[in-house]
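Have a look at the structure below before the remarks.
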Amino acid sequence: MSSSVSAKWGALFWVAAAPVFLAANIVVGLVWERPGFNWTTNNISDLGNVTCGIWDTTRPRYVCSPWHNAMNGAMVLTALLLLAGFVLTWRACGEGRAIHTGQSMMLLWAVGLGLAGLFPADAHENLHFLAALLIFGLGNVGLLIAGFARRDTCLGRSRFVTLGLGLLGVAGTTLFFAQKGPVIGVGGMERVAAFALPLWAFYIGVDLLRGPRSARHYPRALGQSGSASGA
């Protein structure tokens, strides 16, 4: 498979990841009953818990997710789509320390999401906590680092989007772990932290797949002449 074809497939996987993750959050939450799922108070992990009962000593709440298998499967699928996207677009995004460090940390975000789906919080609390550290502790910082890639690379061309989402993700992570949720609640703040990277992957994926503008900005991704170098 040529590098241009690989990059296009990787971009498609990135574009698919965020809708899969968002749809699972919405659909699985909608089937909750008495009490219903609340995005401001419930965590994403609550959707994947395999048992019913009072959960979490910090913010005790009743958790019962009828479609927990669907949520956990969607998290694993999202992780696989993101991982495949990183592998297939790795060279197309350019070279340099900022790019490869950011890519590596964001790749670990995807690994963390896969672990979260494989090891639900109420059944494997320690492994699920490790998954959370990979997602919240590394992924959003990776976004910030990737934001400093040189402008002649695919990440550098989207610097402000990358930095903006990275800052939102880090802010959301900080407030979530501090159990603070101004306006949108602690659950809402977790979603700010968790959705930053899938949204970034969607944006970059669409940009890589676009027509003439992408061809000028990302010659390596589309198999044209020229090279892209990193910081």
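The values are calculated or read from the model by the stated rules, or taken from the named source; none is laboratory data. A quick note: this is a predicted structure, and the numbers were derived from the prediction, not measured. When we count neighbours, we look across all protein chains shown, and the Cβ atoms used for this are built from the backbone with ideal geometry, even at glycine.
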What number goes with the only condition from (1) surrounded by 18 or more Cβ atoms within 10 Å (Cβ to Cβ); (2) closer than 20 Å to residue 132 by Cα that residue 80 does not pass? (1)
Quick one: in segment 163-183, which of the residues that are under 26 Å from residue 130 (Cβ atoms) and of a type in the set (Val, Ile, Thr) is surrounded by the most Cβ atoms within 10 Å (Cβ to Cβ)? 173
Is it the case, given these coordinates, that residue 159 is surrounded by fewer than 18 Cβ atoms within 10 Å (Cβ to Cβ), part of a helix (DSSP H, G or I) and touching a Lys or Arg at 6+ places or on another chain (Cβ under 8 Å)? yes
For segment 96-130, give me each residue that is touching a strand residue (DSSP E or B) at 6+ places or on another chain (Cβ under 7 Å) and in a helix (DSSP H, G or I). none
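Given the criterion out of contact with any strand residue (DSSP E or B) (no Cβ under 8 Å at 6 or more places or on another chain) and aliphatic (A, V, I, L, M), identify the matching residue among 63, 5.
Selected residue: 5, the only one of 63, 5 that is out of contact with any strand residue (DSSP E or B) (no Cβ under 8 Å at 6 or more places or on another chain) and aliphatic (A, V, I, L, M).
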One residue is enough: does segment 64-76 have a residue meeting the conditions without any contact (Cβ under 8 Å) to a residue 12 or more places away in the chain, over 21 Å from the mean Cα position of the chain (by Cα) and farther than 24 Å from residue 197 by Cβ? no
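Residues are listed down the side, and each one gets a yes or a no for (1) without any contact (Cβ under 8 Å) to a residue 60 or more places away in the chain; (2) among the aromatic types (Phe, Trp, Tyr); (3) closer than 18 Å to residue 25 by Cβ:
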position: 112; (1), (2), (3): yes, no, yes
position: 131; (1), (2), (3): yes, no, yes
position: 149; (1), (2), (3): no, no, no
position: 159; (1), (2), (3): yes, no, no
position: 165; (1), (2), (3): yes, no, yes
Taking the residues in segment 84-95 that are more than 12 Å from residue 197 (Cβ to Cβ) and assigned to a helix (DSSP H, G or I) as candidates, determine which candidate is modelled with the lowest pLDDT. 89
Complete set of residues in segment 115-137 that are touching a helix residue (DSSP H, G or I) at 6+ places or on another chain (Cβ under 8 Å) and either crowded, with 20+ Cβ neighbours inside 10 Å or among the aromatic types (Phe, Trp, Tyr) (or both): 115, 116, 117, 119, 120, 121, 128, 131, 132, 134, 135, 136
